[in-house]
Amino acid sequence: MTLISRLLNRTMLAALLLGCLGTASVVFAQGGGGGAAGVAGVDIDAQGVLRKRVVADPSGLLSKRRAEAARATLPPDLVRKSESRKVSLTRLEKRLGELLAEGKSPTDDLKYLAGLTRVRHVFYYPETKDIVIEGPAEGFMPDLAGRVVGLQSGAAVLELQDLAVALRAFPPSGGGAQVISVSIDPTQEGLARMQQFLRQLGPIVPGDAQRIALGLKESLGVQEVSIRGIAPTTHFAQVLVEADYRMKLIGIGLETPPVKIESYVSRANPAQVARNAMERWYFTPNYECVKATEDGFAMELIGDGVKLVGESERVTAEGARVNNAGGGNQASQQFVRQFTEKYGELAKKSPVYAQLRNLVDLAVASAYIQQRDLYGQAGWHIEVLGDETRFPVETHLVPRQVESAVNVVWKGNRLMTPIGGGVNIQARQALSPGSLMKDTEGTVAAARAKTDAAKVDAKRWWWD
């Protein structure tokens, strides 16, 4: 058993809703926010229900010991920080296939892509038929939440299992996922019951808060998790759900982010929000541009990778959700704009957002490999990474439902109904003519030219 597998904890997930009633701001959340000197989240049980779990490390000693163990176990060349590490996907798969054929498990360097913390470039070398991803890298360890992070920066490290999911979404045969998405939403029946409950309420006073909270929780019931474009039993899917959940916790003021982001709750004026309004927040790719050479042999991802967008809906008496044309919520717009502006800074301090960005990077990189037919040019059919029977990644419990929990904060005198949303990755849009830019200054080609793949030992699948 490897160091990483000995130390890993289970992935933590959650979901939430938000509402306001009377003079109370009623905040719905599964579990709660991150506590001081601890990591909060939930486990997934065998029925697919998400429940809270907290790991505390007030002295930092547990994290320190994990870092010491990783430095003592990892090879020195992996521990060393690199500003530019190259990983040949074709050579990596060959090595993986060799290990599996010998009845061995992937080694830590394979499982965590030699410590890459971002995908910055995709290169193709026709002389050796290497498809290479490039970016910064460093030694790694699992943090207390189970995420594998860099020893020096704490940034989330890319994972082989997520690479396999991304490649399968954009396979050599063409086609594949039009959209990769996760959504955590109340049911129509639950929203209808909630609206009915609210209509039955008369005048309220502060002492009614807990009664209202319980009534809202019971009327809403469970929230449903839906996953499209990828197998829901993957680590990839779990990260999308957790990132969505944690973002909403910040939005409703139940989790204090490590960077200055003013919550939606603190911005909102309930008197200016329609009684049946519903705000949706969801993540999408956000690249200032994707720059590529004319021959397609080099591509660069530019920007922070992820943005948060919002839209307004209305909830009918029957619980149906309809587009609220012209009903934009200024507080919501300000929140998503600031969240996007601070995303790069946030990802440096909160690994789940770096993980989400890594998944978006991998999806766009895989879509590029497919679009430019680098698979065909390299004669690469992802025989191992694309085969669930040979390299299983659909091994995680499926997040199916979330029980609504309620917290109450007094503010305003109007109702704001639940918040929904999720993650929506349409990787091919990042490669559309409006986004894809030509390498007119030659900087992307120059980055590729720094490595002559033919001079790299054929047995090496990564190098600096």
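Derivation of every value follows stated rules applied to the coordinates shown; laboratory data play no part. Small disclaimer: the values here were computed from a predicted structure and weren't measured. Using ideal geometry, Cβ is built from the backbone for each residue, glycine included, and neighbour counts are taken over all protein chains shown.
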To the nearest 0.05, what FRET efficiency results for residue 63 and residue 464 with a Förster distance of 22 Å applied to their C-beta separation?
0.25
Take residue 457, project a point 7 Å from its Cα along the Cβ direction, then tell me which residues of segment 82-126 have their backbone nitrogen under 11 Å from it.
none
Which of the GluC sites (Glu not before Pro) found in segment 72-126 are in a DSSP loop and have at most 15 neighbouring Cβ atoms, other than their own, within 10 Å?
102
Gained length - residue 443 relative to residue 218, 0.36 nm times residue gap less alpha-carbon distance
75.2 nm
How long is the gain from residue 228 to residue 341 if the chain were fully straight, where each residue apart is worth 0.36 nm and the alpha carbon distance is subtracted?
38.0 nm
Residue 98-residue 450 FRET efficiency (beta carbon distance; Förster radius 41 Å; 0.05 resolution)
0.90
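Between residue 288 and residue 256, what's the calculated FRET efficiency when r is the beta-carbon distance and R0 is 25 Å? Round to 0.05.
Efficiency at R0 = 25 Å is approximately 0.30.
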Which of the three applies to segment 96-187, rounded, prolate or oblate, going by the alpha-carbon gyration tensor with a ≥ b ≥ c and a/c under 1.5 meaning rounded?
rounded
Scan segment 106-138 for GluC sites (Glu not before Pro) in coil per DSSP, keeping those whose Cβ has at most 16 other Cβ atoms within 10 Å, and list them by number.
127
With the 8 Å Cα cutoff and a minimum separation of six or more residues, segment 120-185 has a relative contact order in percent of 15 percent
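Test of understanding: ordering 335, 197 by Cβ neighbours within 10 Å, fewest first, what list do you get?
197, 335
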Could you order peptides 431-442, 336-347 by the average number of other Cβ atoms within 10 Å of their residues, highest first?
336-347, 431-442
Using a 7 Å offset from the Cα along the Cα-to-Cβ direction at both residue 381 and residue 56, what is the distance between the two label points in nm, to one decimal?
5.6 nm
